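Written below as structure tokens is the structure these notes are about.
Derivation of every value follows stated rules applied to the coordinates shown; laboratory data play no part. This is a predicted model, so every value here is computed, not measured. Methodologically, a virtual Cβ is constructed for each residue, glycine included, from the backbone with ideal geometry; neighbour enumeration extends over all protein chains shown.
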2 protein chains.
Amino acid sequence: MPDIRRLRRTSPRTNGVARYTEIQRALETAIFSGDWPPGTRVPSEQELLKRYRCSRMTVNKALSALAASGLVVRRRRSGSFVAQRQGEKNVLQIHDIEEEIQREGKSYRVKLVSRSERKATKRDAARLDVPVSTRILALTCVHYGEERPLVAEDRLINLDAVPSATEVDFNETSPGNWLLKQVPWSEAEHHIRAVNASEDIAEHLEITEGEACLVVERRTRHGGRSITHVVLSYPGDGYQLVARFSPSQG
Amino acid sequence: MPDIRRLRRTSPRTNGVARYTEIQRALETAIFSGDWPPGTRVPSEQELLKRYRCSRMTVNKALSALAASGLVVRRRRSGSFVAQRQGEKNVLQIHDIEEEIQREGKSYRVKLVSRSERKATKRDAARLDVPVSTRILALTCVHYGEERPLVAEDRLINLDAVPSATEVDFNETSPGNWLLKQVPWSEAEHHIRAVNASEDIAEHLEITEGEACLVVERRTRHGGRSITHVVLSYPGDGYQLVARFSPSQG
DNA sequence: GAGTGGTCTAGACCACTGA
DNA sequence: CAGTGGTCTAGACCACTCA
């Protein structure tokens, strides 16, 4: 039999926004405005539940969200504090080339320049982070949008991890896109730098040797196992990466 | 008076890990392993609370965390589904130069190359995204670590937003670091590209003209107001950005 | 209409740690 | 020791939407 005290109405939402969202926004506003500089103590859950007349779970959800986004640090016994501002956590999206070109409605084509199935040399092994002699597939190709070269790709694939790669015709599908379907969830680490185009790269991208190129190097793992290593070279004047930081997003 | 039914013991944790974390990890494992490819329906809250013998709030917390990290999409009436893999959300940290150098224990120095207080020209206004004739401060400087030039900085500051900038001696503190303290929480958008070093940049960085440089361009806002715009030029062979993607981190 | 997620409550026990 | 956050429960009402 339900307790009568439990039957009272849930406090109505002010408009369509959840109670905890309301509290979270109020706290964010105080932080972003500078009223509560880093190190300031945020009101405790007890104080907040009194102020907002709601249950502890509700204020806890608001504070937990702020903690998850890195805006506050929570410490037992001491309380919650506005986090020290640290290196901005920017969100950088790196899309698959094929999808990116096709999303813009441009015609896409990939040209396979070279393909070599072999046992990893010392150099290969270091690049891919696998033992020497692991069976690998080495590919170089160029991606075209509207028949103009946009990216040069130099890739190694660990055949122990993805043996079926040997059977794929990479003149038809880009290696990146194919791998994405094979190993849908993986970890990646990117290194981004600028280099002067080598003779090879210049030829592939139809630019002059020495022109600045943006180079994105990516190593992909899945469950601790190295899947692939790729070096993507973009002509400097034709591509840029965009990274965003918004404190409310963490 | 407490209800006797409420007094029974909380189900003991398996080790030190929270119940909802345990559930979350189990679901993540199924997703990362490929057992549940994108589009697969995740068990409903009802199914999970039966399987794990816990309350709905607990499984809800696990599922909400997965949704927040982008790993699953939740839809009313339909259920929760493994998300389609999209452009990887990489986390890219861009630190303040001064802090970054000092964190490595290197000696830091900034040299102010030029300083100009003026009304925004058309070009300034476009860069900073403010109306023409807004009062601005234009700075160019070079940052040194161990007395070697590491970065060239070209910055505009909106004096309407940060009037006290006029009184600062930027030979002593880097503009970026100072602004960080003035406007602790702000939004930033970065564009990253590669360019061949101009004559000026080459001179500042003590490199040869035409050498590839990594250029990070950042526009910072606070509450919709443009604060500053900065172009940072790094010698291509001396710097690289690192971005990480890890699906469990979202 | 019924199943699903979204939110909320009023408690409860616990671990941790600063005063 | 007492305050704080961390977690959990057994309900409840609601909105949405698919079948």
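Which Cα, out of B:92, B:69, B:143, lies furthest along the positive dipole direction of the protein assembly as shown (beta carbon charges, K/R +1, D/E -1)?
B:69
Rounded to a whole number, what is D in µm²/s for chain A from Stokes-Einstein with the Kirkwood radius over alpha-carbon pairs (4 °C, 1.567 mPa s)?
58 µm²/s
Which of the three applies to the range A:34-116, rounded, prolate or oblate, going by the alpha-carbon gyration tensor with a ≥ b ≥ c and a/c under 1.5 meaning rounded?
prolate
As I understand it, the value is the acute angle between the Cα axis of helix B:56-68 and the longest principal axis of the Cα atoms of chain B; what does it come to in degrees, rounded to 10?
Around 30 degrees separate the two axes.
Other chains near B:233-239: what is the mean number of their Cβ atoms within 10 Å of each residue's Cβ?
Taking all residues of B:233-239 together, the mean is 3.
Using the 10 angstrom Cβ neighbour count as an exposure proxy, how do A:167, B:153 rank, fewest first?
The fewest-first ordering by Cβ neighbours comes to A:167, B:153.
Take peptide A:215-225, look around each residue's Cβ out to 10 angstrom, count Cβ atoms belonging to other protein chains, and average those counts.
2
Across 10 Å bins from the origin, how do the percents of Cα pairs in the range A:194-250 run, short distances first?
With 10 Å bins starting at 0, P(r) equals 21, 33, 28, 16, 2.
Which of A:51, B:109 comes first, and how do the rest follow, when ranked by fewest Cβ neighbours within 10 Å?
Ranking A:51, B:109 by Cβ neighbours within 10 Å, fewest first, gives A:51, B:109.
Within a 10 angstrom radius of each residue's Cβ in A:26-33, how many Cβ atoms of other chains show up on average? Whole number is fine.
Per-residue shielding by partner chains comes out at 2.
With all distinct Cα pairs included, what does the Kirkwood hydrodynamic radius of the protein assembly as shown come out to in Å, to one decimal, could you say?
Kirkwood radius, the protein assembly as shown: 26.1 Å.
Arrange the following residues from fewest to most other Cβ atoms within 10 Å of their Cβ: B:134, B:40.
The fewest-first ordering by Cβ neighbours comes to B:40, B:134.
How tilted is helix B:19-32 with respect to the longest principal axis of chain B? Cα atoms for both, answer in degrees (0 to 90, nearest 10).
That helix lies at roughly 70 degrees to the long axis.
For the range B:57-169, I need the span (max minus min coordinate) of the C-alpha atoms along each principal axis, in Å, sorted largest to smallest.
Between the extreme Cα coordinates on each principal axis of the range B:57-169 lie 61, 41, 26 Å.
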